[in-house]
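So the structure is just underneath, and the comments pick up after that.
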Amino acid sequence: MSKYGIAIHGGAGTILKSTMTPEKEAAYRSALTKALNAGYQVLENEGSAVQAVEKAIIELENCPLFNAGKGAVFNALGQHEMDASIMEGKSLQGGAIAAVRNVKNPIILANKVLQHSDHILLIGEGAAKFAKQHDIIFESDEYFHDELRYIQWQKVKDTDQFQLDHTADPKEYLGTVGAVALDQLGNLSAGTSTGGMTNKKYGRVGDSPIMGAGNYANNSTCAISCTGSGEYIMRAMTAYDISALMEYKNMSLQEAGDHAIMKTLLDLGGDGGVVSIDKHGNIHMPFNCEGMYRASKNQTHTFIGIYKDDLV
């Protein structure tokens, strides 16, 4: 049987066991497990890596605990603007959307762009028009309203500050969801989805829908989904950087990931992490901040983690 596997994340940042209630921790671990198993079941049933990534991210988008889909944060106008992308490693094709509103599952729309458009990235009203042509489900503003997200926004509303959910400092901006997978045919895929920054202005778009920055898949190397400080991840081209280190410097997945996250991104001043899987099924999930909601599964091992001391 061919080796296959999946890894997912639900954001990184100031995630401390000392500030986490047992009930909240259990809820996060349960949500990660549900998304992980949904994606893995696709692989187990000989589905594609793209399908597995989409399925896992749909579950994360449907859970208000994470800053994507239903749990998307409020922008400066009190709206929910969402970004997502998905990429497959065989032909290096990708689909992405940015600054969309009221789309229930942005990752489904990104996959529709991958499957049915000659373009890679659609934004705003154009993306919404494309979505309606492909029977994408829209929801009301009330569907996306979450009281915790609303309280977060109230703290920085009418200021020049911005923040994401997994942070204690308004100057930090960490968060997103994502998945990477290797299927039984040896194809890789990566997907990322986010609600962006709380109180973001001016139609800001981060790294999540940018191929090579927050998302990348190449069958010859690996699949990467990033989470963290998007402006720094875009400057470092973190996802592609890991693939390039493997391709051109013959680094292993672990060596390349650690270099990109623990050195290059940190040297720029950026925080965050990635989930990654290589063409052999090896999985690595490095991060340079206090915690990262993460999980992985293959034929022999299942892992759910939140804190630094959660050992694989």
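Being in a loop (DSSP other than H, G, I, E, B), free of Cβ contacts under 8 Å to residues at least 40 places away in the same chain and closer than 26 Å to N218 by Cα is the filter here, so list the residues in segment 86-106 that pass it. Within segment 86-106, just S91 meets the criteria. Applying the criterion of being in a helix (DSSP H, G or I) and more than 24 Å from N187 (Cβ to Cβ) to the residues of segment 56-76, the residue that is modelled with the lowest pLDDT is G71. Select from segment 7-55 the residues that are of a type in the set (K, R) and within 30 Å of L185 (Cβ to Cβ) and write down the one among them that is surrounded by the fewest Cβ atoms within 10 Å (Cβ to Cβ). Applying the filter and picking the extreme gives K34. Restricting segment 252-291 to residues that are within 15 Å of the chain's Cα centre (by Cα) and hydrophobic (A, V, I, L, M, F, W, C), the residue that is surrounded by the most Cβ atoms within 10 Å (Cβ to Cβ) is V274.
Residue pairs whose Cβ atoms lie under 6 Å apart, separated by 6 or more positions or on different chains, with the first residue in segment 4-19 and farther than 10 Å from C289 by Cβ and assigned to a loop (DSSP other than H, G, I, E, B) and the second modelled with pLDDT of 85 or more and of a type in the set (A, V, I, L, M), are Y4/L43; Y4/L182. Here are some residues: G191, G196, G228. Which one is surrounded by 24 or more Cβ atoms within 10 Å (Cβ to Cβ) and on the phi < 0 side of the Ramachandran plot? Answer to the check: G191. Restricting attention to segment 230-267 and to residues that are among the small types (G, A, S) and in contact with a Phe, Trp or Tyr (Cβ under 6 Å, 6 or more places away or on another chain), the residue that is farthest from A190 (Cα to Cα) turns out to be S243. For K132, the requirement of being at pLDDT 80 or above, in contact with a strand residue (DSSP E or B) (Cβ under 9 Å, 6 or more places away or on another chain) and on the phi < 0 side of the Ramachandran plot is met. The set of residues from segment 292-305 being surrounded by fewer than 23 Cβ atoms within 10 Å (Cβ to Cβ), over 20 Å from N45 (Cα atoms) and in contact with a Gly (Cβ under 9 Å, 6 or more places away or on another chain) comprises just one member, G305. What do you reckon, is G196 at pLDDT below 95, out of contact with any helix residue (DSSP H, G or I) (no Cβ under 9 Å at 6 or more places or on another chain), in a loop (DSSP other than H, G, I, E, B) and under 24 Å from V274 (Cα atoms)? In short, no. Of the residues making up segment 129-138, those that are under 21 Å from the mean Cα position of the chain (by Cα) and surrounded by 15 or more Cβ atoms within 10 Å (Cβ to Cβ) are A131, I136.
Here is a yes/no grid of residues against (1) free of Cβ contacts under 8 Å to residues at least 40 places away in the same chain; (2) surrounded by 17 or more Cβ atoms within 10 Å (Cβ to Cβ); (3) part of a helix (DSSP H, G or I):
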residue: G78; (1), (2), (3): no, no, no
residue: A84; (1), (2), (3): no, yes, no
residue: I108; (1), (2), (3): no, yes, yes
residue: Q115; (1), (2), (3): yes, no, yes
residue: D118; (1), (2), (3): yes, no, no
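Only residues that are farther than 12 Å from S193 by Cβ, crowded, with 24+ Cβ neighbours inside 10 Å and of a type in the set (A, V, I, L, M) were counted in segment 56-76, giving 1.
The values are calculated or read from the model by the stated rules, or taken from the named source; none is laboratory data. As the structure is a prediction and not an experimental result, all values here were calculated from the model. For neighbour counting, all protein chains shown are included, and Cβ atoms are generated from backbone atoms with ideal geometry for every residue, glycine included.
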